[in-house]
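Below is one structure, written out as structure tokens; comments come after it.
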Protein chains: 2
Amino acid sequence: MPLADVDTPALLLDLDAFERNLATMAGAVRESGLRLRPHAKAHKCPEIAKRQVAAGAVGVCCQKVSEAEAMVDGGVADILIANEVVGRAKLTRLAQLAKRARISVCVDDASNAGDLDDAARAAGVRLDVLIEVDVGAHRCGVEPGEPALRLARVVNEFGNLRFAGVHAYHGAAQHLRSIDERRAAIAQAAEKARRTRDLIEDEGLDCETVTGAGTGSFLFEQASGVYTELQPGSYVFMDADYGRNSWDGFPRFAQSLHIWTTVMSAPAAGRAVVDAGLKAHSVDSGMPLVVGLPGVEYAKASDEHGVLKVAAGVRVPALGEKLRLVPGHCDPTVNLYDWLVCVRVERVEALWPITARGALY
Amino acid sequence: MPLADVDTPALLLDLDAFERNLATMAGAVRESGLRLRPHAKAHKCPEIAKRQVAAGAVGVCCQKVSEAEAMVDGGVADILIANEVVGRAKLTRLAQLAKRARISVCVDDASNAGDLDDAARAAGVRLDVLIEVDVGAHRCGVEPGEPALRLARVVNEFGNLRFAGVHAYHGAAQHLRSIDERRAAIAQAAEKARRTRDLIEDEGLDCETVTGAGTGSFLFEQASGVYTELQPGSYVFMDADYGRNSWDGFPRFAQSLHIWTTVMSAPAAGRAVVDAGLKAHSVDSGMPLVVGLPGVEYAKASDEHGVLKVAAGVRVPALGEKLRLVPGHCDPTVNLYDWLVCVRVERVEALWPITARGALY
């Protein structure tokens, strides 16, 4: 089917750009010898996860048990839940999942580690557990150093848990605009991770894995000598917010993800309205960009409409014309769709189901 | 099942509050003799639409053809697409739908009216068509007065269209904070609608319906003497942004919609992290509110996390504790979920499928 015949709004994946992104990341990490474990929260699509593994990834990260279930159902064999899992219902499902795939999970609380051990014992499995350390994002995670060591000791005492290392992801650093800011933030994070790892290993515990990093910073974690595993996610797609970062010295990832939208009204001079609003893309990191039409700005989103402001002297897109938008933020945008419409040279080549769409549990 | 056992994140509907909201709106409109046609874009749930009809609504509004299909599939017999429908694929489906239900639709362009007539003729149906007039929102819609009259004449000439009236919704007025601002905005909108209606009727065309209004303004459209039909949507749920409006003289609608979330990390003094982030609620109109815990603020959302800031001296919610959040904006939040978990007095009474979730086409 020609792309022109695809109805809107739709979520498009440009396969050429996507495949280049896969190869670029695989190449950048391969030279370092570090493990690549891309984050599947960005795409929620087993078809993409399997291609990441085929390109050299050891497995993927997920944020939720239900997301991990969708990945295992889709054929992914090795998953790190790069997050805490709290509550009996989720822990039971997590432990059951460990019968079907290699599962590791993060903790930042001793009582949660106990609950995890209970669930693992009930299911008859042993779970790999990483201590989440707050290396600068001030979200989840214990403090580096002694608090992390104490929790590692606790985990190590439980019969159905195996202490596997440290989770040291600095999410807040990814969208710092300048390279220097990101380098400085990751230098601090890596120092906290190093200190924590050394303290734990001084106790005789094997800190096998130090995992973290995102698309905006992974070269710095890679060069740190501390991290053993990298978990970037957005590089497969990119978005308008990442586009506002500077990237000197980084491999360049192409924008492969777009919203396909139709001009549904062109009622007045300098204004056109497209059929993709708040339910077709997430504006948490700003408005989407209009591809290939300089002077045309996506100015305002309402539930089902996007208002385009057209600069003086610039052609107003015509009623019925279809446009590509670059979403402001890829992760929550992908979560709005059931399918990726995979396009190569203006023709649809495949439909990939986003099977973990809405996987909140 | 007790609510306490419902896993998180989940979308809760408090049935007592919801039923009061239904009755309050039905009562407020009944006295006026106007038709109530609530907007289903807010709930996307036929179970709710049917209860609105049972409480006196003539039918519902939808924004998208696929949303309307979900409503007709769910048993709703009379739908206004309060929006333009552009492109052959959608128009064909719209015309087919008119064989199964009473369908009306808006236009703001003569060529689109022609396409609509073609689709209706091909399907062997006649469609009711309203002229969308820009009464102040500056989104879709032709200018009031002459431009609207010209388009009404065009519609009236087509054999498979029936000119049915004017769509005069002022979306931008709904969230103006003060009653006086909203009153003034609707006074202007109603004046534009009146002038347009009079001009059209002076031509001998019957302007049967003048439709518009939202939860924030419906009393003003009702009192205007111009509008014949009201299309509020959010009143069934309410949200944090509507909570920032003032409501003097308006019936009070209760907050019936909540996000049910678990504290998944409480790693540091003054901070707790819940498991509901950008994929569990929409932040386009601001952060959600935490119910019943003064001094606890939902400060920051990332993809799967919400960071709660806890004021000095206030108890930090405990790990595993479940909380209710009031979403910032109900419509795009509901669109993230497949089910409404309907609760009465802390017990689950029903699960209602949100069958138009993701209905973007």
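Just a few scattered comments:
- Residue that is aliphatic (A, V, I, L, M), open to solvent by 10 Å² or more (accessible area, probe 1.4 Å) and either in contact with a Cys (Cβ under 6 Å, 6 or more places away or on another chain) or at pLDDT 95 or above (or both), where the choices are B:86, B:107: B:86
- Filter result (surrounded by fewer than 24 Cβ atoms within 10 Å (Cβ to Cβ) and touching a His at 6+ places or on another chain (Cβ under 7 Å)) within segment A:243-268: A:245
- Test for residue A:284: is it away from chain B (no Cβ under 14 Å), in contact with a helix residue (DSSP H, G or I) (Cβ under 7 Å, 6 or more places away or on another chain), surrounded by fewer than 24 Cβ atoms within 10 Å (Cβ to Cβ) and charged (D, E, K, R): no
- Positions within segment A:321-336 being surrounded by fewer than 22 Cβ atoms within 10 Å (Cβ to Cβ) and out of contact with any helix residue (DSSP H, G or I) (no Cβ under 8 Å at 6 or more places or on another chain), in sequence order: A:321, A:324
- Apart from one condition, residue A:76 fits all of (1) more than 14 Å from chain B (Cβ to nearest Cβ); (2) within 26 Å of residue A:148 (Cα to Cα); (3) surrounded by 22 or more Cβ atoms within 10 Å (Cβ to Cβ); the exception is (2).
- Qualifying residue in segment A:115-138 (condition: in contact with a Phe, Trp or Tyr (Cβ under 7 Å, 6 or more places away or on another chain) and over 26 Å from residue A:188 (Cα atoms)): yes
- Looking across segment B:229-288, the residues that are within 18 Å of residue A:302 (Cα to Cα) and of a type in the set (Gly, Ala, Ser) come down to B:233, B:234, B:240, B:282, B:285, B:286.
- Residues that are farther than 21 Å from residue A:282 by Cβ and modelled with pLDDT under 95 are absent from segment B:319-334.
- Test: residue in segment B:333-340 that is more than 24 Å from residue A:276 (Cβ to Cβ) and either in contact (Cβ under 8 Å) with a residue 24 or more places away in the chain or in contact with a strand residue (DSSP E or B) (Cβ under 6 Å, 6 or more places away or on another chain) (or both): yes
- Odd one out for residue A:94 among (1) in contact (Cβ under 8 Å) with a residue 60 or more places away in the chain; (2) within 21 Å of residue B:303 (Cα to Cα); (3) open to solvent by less than 60 Å² (accessible area, probe 1.4 Å): (1)
- Of everything listed in (1) among the β-branched types (Val, Ile, Thr); (2) open to solvent by less than 10 Å² (accessible area, probe 1.4 Å); (3) over 28 Å from residue A:109 (Cβ atoms), the single unmet condition for residue A:166 is (3).
- The requirement of being farther than 26 Å from residue B:224 by Cβ, more than 14 Å from chain A (Cβ to nearest Cβ) and in contact with a strand residue (DSSP E or B) (Cβ under 6 Å, 6 or more places away or on another chain) is fulfilled nowhere in segment B:31-44; no residue meets it.
- Residue within segment A:151-159 that is more than 20 Å from the chain's Cα centre (by Cα), at pLDDT 95 or above and within 14 Å of chain B (Cβ to nearest Cβ) present: yes
- Residue count for segment B:287-299 under the criterion of being part of a loop (DSSP other than H, G, I, E, B) and either touching a Phe, Trp or Tyr at 6+ places or on another chain (Cβ under 6 Å) or surrounded by 20 or more Cβ atoms within 10 Å (Cβ to Cβ) (or both): the result is 2.
- Residue in segment A:5-26 that is nearest to residue A:256 (Cα to Cα), counting only those that are open to solvent by less than 20 Å² (accessible area, probe 1.4 Å) and more than 18 Å from the chain's Cα centre (by Cα): A:15
- Residue within segment B:136-153 that is surrounded by fewer than 23 Cβ atoms within 10 Å (Cβ to Cβ), in contact (Cβ under 8 Å) with a residue 24 or more places away in the chain, part of a helix (DSSP H, G or I) and out of contact with any strand residue (DSSP E or B) (no Cβ under 9 Å at 6 or more places or on another chain) present: yes
- Hits in segment A:289-323 - residues which are farther than 24 Å from residue B:82 by Cβ and under 32 Å from the mean Cα position of the chain (by Cα): A:289, A:290, A:291, A:292, A:293, A:294, A:295, A:296, A:297
- Within segment A:45-66, being in contact with a Phe, Trp or Tyr (Cβ under 9 Å, 6 or more places away or on another chain) and away from chain B (no Cβ under 14 Å) holds for A:45, A:46, A:47, A:48, A:51.
- Taking segment A:188-206 as the range and being within 28 Å of the chain's Cα centre (by Cα) and open to solvent by less than 60 Å² (accessible area, probe 1.4 Å) as the test, the residues that pass are A:189, A:190, A:192, A:193, A:196, A:197.
- For residue A:161, the conditions (1) crowded, with 20+ Cβ neighbours inside 10 Å; (2) without any contact (Cβ under 8 Å) to a residue 12 or more places away in the chain all hold with the exception of (2).
Table: residues versus (1) within 30 Å of residue A:19 (Cα to Cα); (2) at the interface with chain B (Cβ under 10 Å from one of its Cβ atoms); (3) part of a loop (DSSP other than H, G, I, E, B); (4) touching a strand residue (DSSP E or B) at 6+ places or on another chain (Cβ under 6 Å).
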residue: A:258; (1), (2), (3), (4): yes, no, no, yes
residue: A:264; (1), (2), (3), (4): no, yes, no, yes
residue: A:273; (1), (2), (3), (4): no, yes, no, yes
residue: A:320; (1), (2), (3), (4): no, yes, yes, no
residue: A:323; (1), (2), (3), (4): yes, no, no, yes
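- Among the residues making up segment A:339-361, those that are open to solvent by 30 Å² or more (accessible area, probe 1.4 Å), within 13 Å of chain B (Cβ to nearest Cβ) and closer than 19 Å to residue A:14 by Cβ are A:339, A:353.
- Hits in segment B:1-44 (condition: of a type in the set (S, T, N, Q) and in contact with a Phe, Trp or Tyr (Cβ under 6 Å, 6 or more places away or on another chain)): B:8, B:21
- Scanning segment A:110-135 for residues that are part of a strand (DSSP E or B), open to solvent by 10 Å² or more (accessible area, probe 1.4 Å) and either farther than 18 Å from residue B:266 by Cα or at pLDDT below 95 (or both) yields one hit, A:128.
- Residues that are in contact (Cβ under 8 Å) with a residue 40 or more places away in the chain and among the β-branched types (Val, Ile, Thr) number at least 3 in the following helices (runs of 4 or more DSSP H) confined to segment A:170-255: A:179-202.
- Residue A:313 vs. criteria assigned to a loop (DSSP other than H, G, I, E, B) and facing chain B (nearest Cβ under 7 Å): no
The values are calculated or read from the model by the stated rules, or taken from the named source; none is laboratory data. Just so it is clear, the model here is predicted, and its values are computed rather than measured. For neighbour counting, all protein chains shown are included, and Cβ atoms are generated from backbone atoms with ideal geometry for every residue, glycine included. These area figures cover heavy atoms from the full protein model, side chains too; ligands, DNA and RNA do not enter into them. Shrake-Rupley method; radii C 1.70, N 1.55, O 1.52, S 1.80 Å.
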